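The next block holds one structure in the form of structure tokens; read it before the comments.
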Amino acid sequence: MKGTGVRLRALRATLFTALCVTLSAASHILLSRMPLPLTTVAALSGLYFCISFALAGRERGYWPIAALLIPLELAADTVFTTGQQACYGPGGGPVSGPLHSLGIDLVCHGGPVGTPLARMAAAPDSPAQIIGSAGPWLLLAVHIAVGLLAAGWLRRGEVALARLMRAVAASAFRPLRLAVALRAPVRPANPGIRPARDTFRLRALPLLIHSVVRRGPPVALAA
């Protein structure tokens, strides 16, 4: 039973991490029009998995999920911006020079993530160009809206998972409950308690004292 709880917590943490990191990375690549370093995405995924694993012990409501998802999404945006500037520079090109002597080469090892998505966002008629040039407040509103939608999706998944676990538990323990009910001793009836009657007593009819016979020939013929 303990192993099942750990696996269930790991499943919740995996789904939360995959959704949070995927949404954060995709939105950041579309808005910045630059790929992300693979090492930065992997390190952030491991950190978010540890945080969500520690908090995935029980079923959560919509607002607790949103209160955790939106700040982590905004923090991921900051980390991705730092990784892009460290690995590719402000203009998107590779960084060379003394920065690599400080270990930046190790951080940027593994290649970029999301290069096709960045090329698609760099097109002149791309919606990412319009949103990216709208200002930081619109970007913040987009992040919050995406986080709220993702929290609603995760909440529906939590409800479906809880229903599935209850159904599995009920079907697993049903034969055991039936066996216990069949082996349970029958208690003798208490003689001091009168059993309830299943039928009502019929109401007694009054006795017939007089009887009058009114059948016979008509009065005219009798006369």
For VAL113, what residues show an amide H to amide H distance below 5 Å, using hydrogens built from the backbone and excluding near sequence neighbours? LEU36, LEU38
Added length on full extension, which subtracts the Cα-Cα distance from 0.36 nm per residue, TRP137 to VAL159: 4.6 nm
Roughly how many Å is it from the Cα centre of the stretch 35-81 to that of the stretch 139-156, as a whole number? 13 Å
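Note the full-extension length gain between THR82 and LEU55 as 0.36 nm times their separation in residues minus their Cα-Cα distance, in nm to one decimal. Don't skip to the end; give the middle numbers.
Numbers: separation 27, 0.36 × 27 = 9.72 nm, distance 2.69 nm.
Extra length from THR82 to LEU55 when fully extended: 7.0 nm.
A short reminder: the numbers here are calculations on the coordinates, not readings from a lab. Treat the numbers as computed from the prediction; the structure is a model and nothing was measured.
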